[in-house]
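Inspection log for the structure reproduced underneath, given as structure tokens.
Values quoted throughout were computed directly from the atomic coordinates according to the rules given, and no laboratory measurement underlies them. Keep in mind that what you see is a predicted model, and the values were worked out from it rather than measured. Backbone-built Cβ (ideal geometry, glycine too); neighbour counts: all protein chains shown.
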Amino acid sequence: MASTGKKTRGRKKTPMKMIENKEDRLVTFSKRRLGIYKKISELSILCGTEILFIVFSPTAYRMVRTNKLVQHYNEVHSQMDAIKRKKRELVSAQQTSETNNTNHWWKTPIHQCNPRELDELYSRFSELAHLFHIAWCKKIANASSMPTSTYFGNGHHRREF
């Protein structure tokens, strides 16, 4: 078979500047990396030394970035799943509440409660009373510049300045 011509350009001097085309740059890196490893191995054998040579592939940065994006995606996906679960729970609770009007904690007949439920009701009412007290104090403080006096209903007053 006769040769129809050269298939490669042969060896020629490559200017030392960054290759602009990303794919060409990756191909060149892959090809030259093997040559560098071979030279390092030869140098180590000839000189009887141990050589540490670190090369970071341009694709390594992409892999790190991709891994971070995948991790971020997984976190967001988990948050969305949690939100969807919470929404289903709320819808279910709302539907249950609509079918049973006595389901509200403040509508529970006290005489039907066991001690644990009474303790829970007491805690909730105490918290509600505290929130009312805070809101009331703020309204009074905003309405006048006078010190506010709080009446607790049991003969005790508390002054706030």
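Take residue 124 and tell me if it is over 30 Å from residue 18 (Cα atoms) and either surrounded by fewer than 11 Cβ atoms within 10 Å (Cβ to Cβ) or more than 40 Å from the chain's Cα centre (by Cα) (or both). Considered against the rule, which asks whether it is over 30 Å from residue 18 (Cα atoms) and either surrounded by fewer than 11 Cβ atoms within 10 Å (Cβ to Cβ) or more than 40 Å from the chain's Cα centre (by Cα) (or both), residue 124 comes out as no.
Does region 40-57 hold any residues that are of a type outside the set (A, V, I, L, M, F, W, C), surrounded by 11 or more Cβ atoms within 10 Å (Cβ to Cβ) and assigned to a helix (DSSP H, G or I), and which are they? Listed by number, the residues that qualify are 41, 44.
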